[in-house]
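Structure, as structure tokens:
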Amino acid sequence: MKQELIKNNYYEAVNKEWIDAAVIPGDQPMMSAFLELHLDIEKLLMDLAKKWDKDQTGLNNHLQEFVKLYKMTNDFATREKLGAEPLKPVIKKILNLKSLKDLEKNMKDFVLDGVDLPFSFMVFQDFKDSNNEVLYFTAANLFLPDTSYYENEETKQQLIGLFTMTTMQVLSLYGLEEEAAQDLLNKALAFDAMLVPVTMSSVERADMIKMYNPLLKDEFASKTKTFNLLKVAEALVGQDVDKVVAMNLDFIDKFEEIVNDANFELIKAWMVVSNILTFSAELTEELRVAGGAFGRALQGIAEAQSQEKAAFYQAYDRLSQAVGLYYGLTYFGPEAKKDVEDMVNTIIGVYKDRINKNTWLNAETKAKAILKLNTMKVHIGYPRELPKYYDKYKVGSYAEGSNLVKEKLKYSRLVQKENFKKYNKKPNRNLWAMPASMVNAYYQPMNNQIVFPAAILQEPYYSLSQGRSANYGGIGAVIAHEISHAFDNNGAKFDEYGSLNNWWTDEDLKTFEEKAQKMIALFDGVESGYGPCNGTLTVSENIADSGGIRCALEASKKEKDHNYEEFFKNWARVWRQKSSPEFMQLLLTVDVHSPSNLRANMQLKNLVEFQEFYNLTEQDEMYLAKEQMVEIW
Ligand SMILES: [Zn+2]
């Protein structure tokens with residue numbers, strides 16, 4: 001540790017050596033503690049795939065399908081020979097559309113095929129009644145990553161220029177003449193421009209409740225008279241629909257101004273361009289690389305993934321939960337599972353204690369918060385079950401006339417049909433939203449559930465060989481962070497069953513909201529080295545970090561061998577990151593997490609224990625006066 005930096009930049013004191021030595025891989029926008037673990041797992045899984053490619057003895061059905069798909073994605077000679085042909089039928093179907101009415105007739109098919117549409121539907125738990133699945137109306141993403149990119153004319157021109165250049169290359173490789181390609185792209189961009197004013201920004205989307213706008217059947221129908229969406233919705237779920245939840249109210253309010261016969265050719269061009277871009281990775285090597293060029297430029301990624309790696313991910317991404325389950329069962333044994341379970345229970349216990357001792361909540365709200373903790377479901381390592389569509393997915397082969405586009409459509413049909421079948425039913429709360437092989441963790445507010453995949457349960461987050469205090473500063477803080485999401489500005493609105501339901505007394509809710517405002521102010525405008533942090537965009541994650549570190553520290557303090565420095569050091573260590581400037585700027589605009597260096601430093605600054613342990617004074621950058629500290633959980 002660089003002692004001279006401790007008082008002014010703790011993140012660098014701990015990580016400077018690592019940062020100086022770290023090399024950003026050519027096909028990544030950054031290097032980080034998360035990514036180091038991810039790359040180890042990636043190598044392990046890629047080696048496994050190679051082994052299974054030669055010998056499938058003992059593999060279950062899902063993994064056998066994975067190998068079949070892997071063989072197809074790795075058959076580069078056939079992929080080159082087929083060229084762009086596999087995608088032609090999909091694009092032709094779009095080009096053959098004669099009118100909006102025609103699109104309406106075909107929309108169900110497009111949705112099931114997973115073809116990009118400017119608007120679509122999905123079935124998901126009802127915010128108001130998490131025990132029931134309802135229909136959500138969704139709108140497509142813009143070509144640029146956030147509405148804010150369209151606000152500054154110079155930035156917009158520069159990025160649209162880049163998008164135009166990279167997309168023209170893809171359209172040309174697909175086989176379009178320059179003039180036809182330019183015409184399509186101009187029309188697609190004109191439609192994209194119409195979507196900008198009715199698209200929610202990342203900051204707006206960070207407030208979950210803004211995405212819940214239930215409309216009764218008649219109201220929904222009256223807002224969408226130019227296109228019989230209700231009919232499409234009912235065809236998709238196979239029954240009458242009594243309400244639709246619009247995720248984006250502005251879009252539904254302006255629907256008829258945007259989706260009408262006059263704009264039909266623009267919509268069609270948007271669909272052609274979007275789908276050629278989306279499906280380019282399923283075609284030749286040149287198309288795959290060209291199709292990723294815009295994304296790489298936005299993130300400052302130097303080069304495309306190698307052909308070998310991309311082919312692995314094409315198969316893995318589709319069957320990741322099955323491969324992840326194998327990973328979890330094989331590399332994360334029952335012993336580690338038990339140890340982490342104990343740790344989670346200890347932390348939940350400390351959390352309850354802290355709520356009982358909390359000085360700003362009334363007894364009534366405290367009891368409800370503890371009830372929420374008592375009913376919280378904890379999932380560790382790997383899931384109990386996988387989505388049912390995995391059982392139905394049978395991969396074909398080139399010899400049988402299949403290709404990667406057909407495989408993608410077939411898989412999408414299974415996933416979509418299963419999704420729409422859930423309509424008006426009870427959700428299956430055992431399913432996970434990420435594979436066990438992913439280095440991450442999450443809280444799902446509608447299930448009041450925390451999930452820790454096996455992949456994150458490793459050093460530096462967690463290890464039997466590092467001290468307990470280091471483990472509490474790593475995985476302990478991650479666990480308490482996820483628990484805190486139950487009580488962040490979004491999670492706090494959901495009750496113990498995961499339904500949107502106010503369980504707060506008015507007085508406590510007011511205090512909580514004032515505290516959340518203070519958290520916004522604490523982070524807002526703080527310089528990250530690549531631009532200022534947006535306090536509103538990152539408030540939910542900052543509340544979770546703040547609750548997480550406090551609770552984990554208290555759990556650590558209860559240990560006989562508690563060591564403050566070990567705890568603080570590992571907290572700062574897990575946030576080590578070296579990134580391209582482009583990636584950092586992108587994250588500042590769209591990511592609900594604060595930049596890593598601020599997550600490390602600001603949360604430590606905001607702790608009395610940290611201030612006292614290092615005897616910090618006003619002269620130190622890491623100093624924060626007690627009256628400026630924001631403590632919520
Ligand atoms: Zn989080």
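Nothing in this text is a laboratory measurement; each read-out follows from the coordinates by a stated rule. All of these numbers come straight from a predicted model, not from anything done at the bench. Using ideal geometry, Cβ is built from the backbone for each residue, glycine included, and neighbour counts are taken over all protein chains shown.
Can you list the trypsin sites (Lys or Arg not before Pro) in segment 282-339 that are in a DSSP coil and have 14 or fewer other beta carbons within 10 angstrom? Walk me through the numbers before you get to the answer.
Details: sites: Arg288, Arg296, Lys309, Arg318, Lys337, Lys338; in loops: none.
Of the trypsin sites (Lys or Arg not before Pro), not one in the loops of segment 282-339 has a Cβ with at most 14 other Cβ atoms within 10 Å.
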Relative contact order in percent for the chain (Cα pairs under 8 Å, 6+ apart) equals 21 percent
Percent of all Cα-Cα pairs per 5 Å bin for segment 500-569, counting from 0 up to the last occupied bin, reads 3, 14, 16, 16, 17, 15, 11, 7, 1
Computed over the chain: longest principal axis from alpha-carbon atoms vs helix 506-523 long axis, angle to nearest 10 degrees, is 80 degrees
With Cα coordinates, the longest principal axis of the chain makes an angle with the long axis of helix 564-574, in degrees rounded to 10, of 10 degrees
Once the in-chain neighbours fewer than 8 apart are removed, the aspartates and glutamates whose Cα is under 17 Å from Lys105 read Asp113, Asp116, Glu234, Asp261, Glu265
Restricting to lysines and to Cα separations under 23 Å from Lys626, and discarding same-chain partners fewer than 8 apart, the set is Lys7, Lys357, Lys510, Lys515, Lys518, Lys557, Lys569, Lys605
Cα-based Rg then Dmax for the chain, in Å, read 25.3, 74
Per DSSP, the loop-located GluC sites (Glu not before Pro) within segment 538-633 having at most 11 other beta carbons within 10 Å are Glu618
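Kindly state, to the nearest 0.05, the FRET efficiency for Val23 paired with Ser465, given R0 = 35 Å and r defined as their beta-carbon distance. Could the numbers behind the result be given before it?
On the way: r = 26 Å, r/R0 = 0.74.
Between Val23 and Ser465 the formula returns 0.85.
Under the 0.36 nm per residue contour assumption, what length would be gained going from the current alpha-carbon distance of Ala399 and Gln3 to full extension?
136.1 nm
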Residues of segment 427-451 with backbone N under 15 Å of the label point set 7 Å from the Cα of Glu385 along Cα→Cβ are 427-433
Extension length gain for Asp339 and Thr505 (0.36 nm per residue less Cα distance), in nm, is 56.0 nm
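Could you work out the relative contact order of segment 87-304, using alpha carbon pairs under 8 angstrom and six or more residues apart, expressed as a whole percent?
Working: 264 pairs, mean separation 63.2, N = 218.
Relative contact order, segment 87-304: 29 percent.
List the trypsin sites (Lys or Arg not before Pro) within segment 505-595 that fall in a DSSP loop (any state other than H, G, I, E or B) and whose Cβ has at most 14 other Cβ atoms within 10 Å. Let's see the in-between values first.
Working: sites: Lys510, Lys515, Lys518, Arg550, Lys557, Lys558, Lys560, Lys569, Arg573, Arg576, Lys578; in loops: Lys558, Lys560, Arg576.
Sites meeting the loop and neighbour criteria: Lys558, Lys560.
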In degrees, nearest 10, the alpha-carbon axis of helix 153-174 is tilted away from the dominant principal axis of the alpha carbons of the chain by 50 degrees
Taking a crude spin-label model, label points 7 Å out from Cα along the C-beta direction, the Gln619 to Lys16 distance in nm is 1.8 nm
Rounded to the angstrom and largest first, Cα extents along the principal axes for segment 87-304 equal 46, 38, 32
Excluding residues fewer than 8 positions from Lys128 in its own chain, the aspartates and glutamates with Cα under 14 Å of it are Asp495, Glu496
For the pair Asp253 and His593, the simple spin-label estimate (label points 7 Å beyond Cα toward Cβ) gives in nm 3.4 nm
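Helix-only estimate, please: 222 nm mean residue ellipticity of the chain, summing -39500 (n - 2.57) across DSSP H runs of length 4 or more and dividing by its residues, to the nearest 500. All intermediate terms of the calculation are to be shown ahead of the outcome.
Details: 29 runs with 345 residues, N = 633.
Result for the chain, helices only: -17000 deg cm²/dmol.
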Under the 7 Å Cα-to-Cβ spin-label approximation, Lys557 and Leu142 lie apart by a distance in nanometres of 4.6 nm
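Calculate, in nm to one decimal, what Glu514 and Asp129 gain on full extension: separation in residues at 0.36 nm each, minus their alpha carbon distance.
Values: separation 385, 0.36 × 385 = 138.60 nm, distance 2.77 nm.
Full extension from Glu514 to Asp129 adds 135.8 nm.
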One finds, for Glu582 and Leu44 with R0 = 25 angstrom and r their Cβ-Cβ distance, a FRET efficiency to the nearest 0.05 of 0.25
